[in-house]
1. Exactly one condition in (1) over 23 Å from CYS677 (Cβ atoms); (2) at pLDDT 95 or above is false for ALA545; which is it?
2. Take the conditions assigned to a helix (DSSP H, G or I), small (Gly, Ala, Ser) and crowded, with 24+ Cβ neighbours inside 10 Å and apply them to ALA587. Does it pass?
3. Suppose the filter is without any contact (Cβ under 8 Å) to a residue 24 or more places away in the chain, touching a helix residue (DSSP H, G or I) at 6+ places or on another chain (Cβ under 9 Å) and surrounded by 14 or more Cβ atoms within 10 Å (Cβ to Cβ); does PRO124 pass it?
4. Out of the range 437-467, which residues are in contact with a Ser or Thr (Cβ under 8 Å, 6 or more places away or on another chain) and charged (D, E, K, R)?
5. If GLY90 passes every condition in (1) surrounded by 13 or more Cβ atoms within 10 Å (Cβ to Cβ); (2) farther than 26 Å from ARG162 by Cα; (3) free of Cβ contacts under 8 Å to residues at least 60 places away in the same chain but one, which one does it miss?
6. Given the conditions (1) assigned to a loop (DSSP other than H, G, I, E, B); (2) surrounded by fewer than 17 Cβ atoms within 10 Å (Cβ to Cβ); (3) of a type in the set (A, V, I, L, M), which single one is not true for ALA622?
7. Given the conditions (1) farther than 30 Å from VAL364 by Cβ; (2) at pLDDT below 95; (3) part of a loop (DSSP other than H, G, I, E, B); (4) not small (Gly, Ala, Ser), report the number of the one that ASP157 does not fulfil.
8. Is it the case that the range 348-357 has a residue that's of a type in the set (Lys, Arg), at pLDDT below 95 and surrounded by fewer than 21 Cβ atoms within 10 Å (Cβ to Cβ)?
Amino acid sequence: MITLLRPLTIAAALLACANADASGGGAWDSYVNRSGPDIALNRYQAGELGIVMPSYERMYMYTAWRSVLLGVDGLKTAPNPQGGLLRAIGSRNGGWVDAAEGKKVYGAWQAAINNALKQAPVAPKDDDSLANGFLTCPLGSYTFATATLNDLARRSDATPTRLNAWVTTQRQVFKFCGDDVEAQRNRFDGTKRVIPAPVELPATEALYWRQMQQYQLASAAFYGENYTLSGSLFARIGVTDKHPLRQWGEYLSLRSQARAAVFVPGPNPEQAIWQERLDARREGPAAAAARLAAAQKKLAGIQASADHILANPELASLHEASRAIVRSMQVRLTPSLRFAELSKLLEDPRANPYLDDHLGDWRVLANDLLQAPVAEQADARAALRGSAGFIDWMQTIQQCQEYQAKPGCVVERAHAVTLWNRYAKEGNKAQARVWLLAAVLLSEKMSPELEKAALQTPANTPEYLTMRYALTRHYRLSKQADKARAIADGVLTGTALSTNNSTSVRNQFLQERFAVASSPADAANYLLRASSRDLDPDTGELVKASEEAGAVPARVDIAADGIRWLNSGLSTADLSALAANPKLPKALRVQIAVSSWMRADLLGQDEAALAAALEIEQNAPALTAVMQKYRKLAGTPEHHSWMLVNALKYGLSPMYSYSSADIAARAPDDTLADMWCKVPAKAGDSYGENTEAEHSPPMPELGNAAARDQELAQLSRMKTATGYFGDFVMQRATAVPNDPELPWLLYVTVQSTRGGCLDADSKVLSKSAFTLLHKRYKNNEWARKTLYFY
């Protein structure tokens, strides 16, 4: 069955436009949404912009431009229908198909077959991709087929033979669009299959059943890309008096006509469309004019067919869908003309950008026409940029992404400042505000004029939080920490942020505030971040945590900047003090205390190690006995050994990775000496933290820097945990040859040299430990489990 598609979905499917460059790309930041807001889109559409970022997708950038230009009062009076932005975007899940929904729809289809044919259900195989919801055909086609079959089964003239024939034909239809229950294949396989057309019912069959099959035959032709045939078959249905599916005929004939107008044969239509666009950009004026004339002729034919439907009041339910097809064909057949038309319509912020999906269609075209510049397109793209103020504004900001040094950043920054000054002098307050936002967004350190203007932004304006964030960053970079702290604290405790309720925005202010902390205790107040929350792709709302829904609350942990600070920014004593900070969760304090304990022991700081052990004993029940014995062993040769072996058994580390409330002994067979890699040699050095993806600012310089630097220098000279622990085990084999744990310790040493963080002599260590294990403990179970060295 042929299903209706939303206007944007049609345009996106026909154009196959990727969203490259529009969203910023890059590695994943689990604390800040960098491609768009993390609040319900109705609220963002109403002017709750939070922090606008250059990496935002164009739909969100346009919405920000419109909101700032209109201002609070203008947003209340301009057309701004609820749900407009979400409908224009189509979905917030990135276009991924929900297999759970597919499984539900396919299950209903199978149930309808079983009911109609009076057959017992058969459990699907585990590898049945269709039953598991991975469908190639539109979900709507299954829904329509299910409803139709249920209706047919209730007819008085329904017979097993007739129902079986209808089901057989429908299964053949599904084969044409990619779902074959009898020969399932890789859904990403682009090889075109030859599928025989369904067998037409004989003329002796009752008219109603033949007419129901006529729709299936037309659908098979449509999915088989024979649009001329499907168009004629659907048109015949549309003009047949009293045909049970007559209302669909003319509309689906229009769909066939539209598909035929843009059809590019081949196994990879998306690639063919991109190639077609590339060829079009290289053609001369005469060829371009001829191509445009041919496209306009096709478009005129489609418009005429649509007009015929629009003139028929009996087809009123299909009028909007018919208009949507015309709009999608304008996008596909005459993209430059349509882009210019839509840009002109969207240039007026007082107009409704969601009327006839103007913004959604513009986005599809912009994702192609405003892609990253290449030499042969530079002039054309400059002309597009100059065609509308919002395009110029958007492109100006997006050329700089995360405030980093793209070659054109200086030029774009100057352009934004120039336009801000120009509009301010002309008295055009609305344009001055929007270009002030651009100038501030792109500025690392503001001029006094920009700083003054940003400070004067009223708290009730859509751009307020963006301005405050930019000011915080500006003061940090300008070494005015007191001002940066004041701005950030004011936002973090103020009503603007609590009203906005964006996890992403809060995390950005926490990050800036952490970077200008005045002491380790002060930094602890801004250390924790909540991970970005899931968004419902259908509503745009936050998915609420509830036991009924089976959801879990957002994970709260330390982001990359905090992890780097814990790993290379503090002395052992500062870590110990932080572990006692009651404002931090117990699980986090335990892990910080473990880091402090192990570092102090490795550095020979006995008193500090004992103090940290007591802190762990009091807060980590799983380690109570371990820490009690450690403190009793103080001053003996076994003191350090006890720390090392138990760090191995429990997977403890002097380096922070993430907080966990679960501390438990590891399975002996799976234990590895993986407690640390090479320790950073100096403050600020990375230990694998995600600081680049999270765009973390430099960490604050706090605590006893001299002690920290001396300790890091000493710790960084150690081998990795594998090498350090292996050397310890080999020495212990000589010093304490009767240690009953030695066979297992040698096993762990060998297994640890398989991979991960290793030293230059790991092969020698592996062979030495293997040889000793098999020589001294030949029949031991750990020797039998150690078959190779590495």
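The values are calculated or read from the model by the stated rules, or taken from the named source; none is laboratory data. Model, not experiment: these values are computed from the prediction. Glycine gets a Cβ as well: all are built from the backbone with ideal geometry, and neighbour counts include every protein chain shown.
1. Single failed check for ALA545: (2).
2. The answer is no for ALA587.
3. yes
4. Hits for the range 437-467 are LYS445, GLU463.
5. (3)
6. The single condition ALA622 does not satisfy is (1).
7. Status for ASP157: all satisfied but (2).
8. The answer is no, given that none of the residues of the range 348-357 is of a type in the set (Lys, Arg), at pLDDT below 95 and surrounded by fewer than 21 Cβ atoms within 10 Å (Cβ to Cβ).
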